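To start, the structure under review is shown below, and the notes come after it.
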Amino acid sequence: MSPNETSRTAGGGRSRLAEAFIPRRIGMVVLAVVTLALVFESTRGVRVRLLTPEVSMPLCTVLCTALLATALLGAARGHDAAARGRK
């Protein structure tokens, strides 16, 4: 049996474990862990003012809110780009 045959499943495809560890997913997991570590290490209070009266809240809350807003805007933009590509 050659080394190429050992990494294949009975159906001829790659194993699920091999598909789970693609470089893109590994990079996303590392980025998520680093981001979460940064957020949860930042617990001191900060003052924030953005179109509202100044409020005081933990920095981790501000970072999580910014991260969520960025993710939503990125998802919306990706959806718009995919819709334009289908026309």
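The values are calculated or read from the model by the stated rules, or taken from the named source; none is laboratory data. Note that the structure is a prediction, hence the values are computed from the model and not measured. All Cβ positions, glycine included, derive from the backbone under ideal geometry; neighbour counts span all protein chains shown.
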Q. Only one of (1) in contact with a helix residue (DSSP H, G or I) (Cβ under 9 Å, 6 or more places away or on another chain); (2) in a helix (DSSP H, G or I); (3) modelled with pLDDT of 85 or more is not met by Val46, so which one is it?
A. (2)
Q) Restricting the first residue to region 54-66 and requiring it to be without any contact (Cβ under 8 Å) to a residue 12 or more places away in the chain, which pairs with a second residue that is charged (D, E, K, R) meet a Cβ separation below 8 Å and a spacing of at least six or different chains? A) Glu54/Arg47; Val55/Arg47; Val55/Arg49; Ser56/Arg47
Q. Looking at Thr52, Thr61, Thr65, which is the one that is part of a loop (DSSP other than H, G, I, E, B) and at pLDDT below 90?
A. Thr52
(Q) Among the residues of region 27-66, what is the count of those that are touching a Lys or Arg at 6+ places or on another chain (Cβ under 9 Å) and of a type in the set (A, V, I, L, M)? (A) 3
Q: State which residue is farthest from the chain's Cα centre (by Cα) when the search covers only region 68-87 and only residues that are of a type outside the set (A, V, I, L, M, F, W, C), part of a helix (DSSP H, G or I) and modelled with pLDDT under 90.
A: Arg86
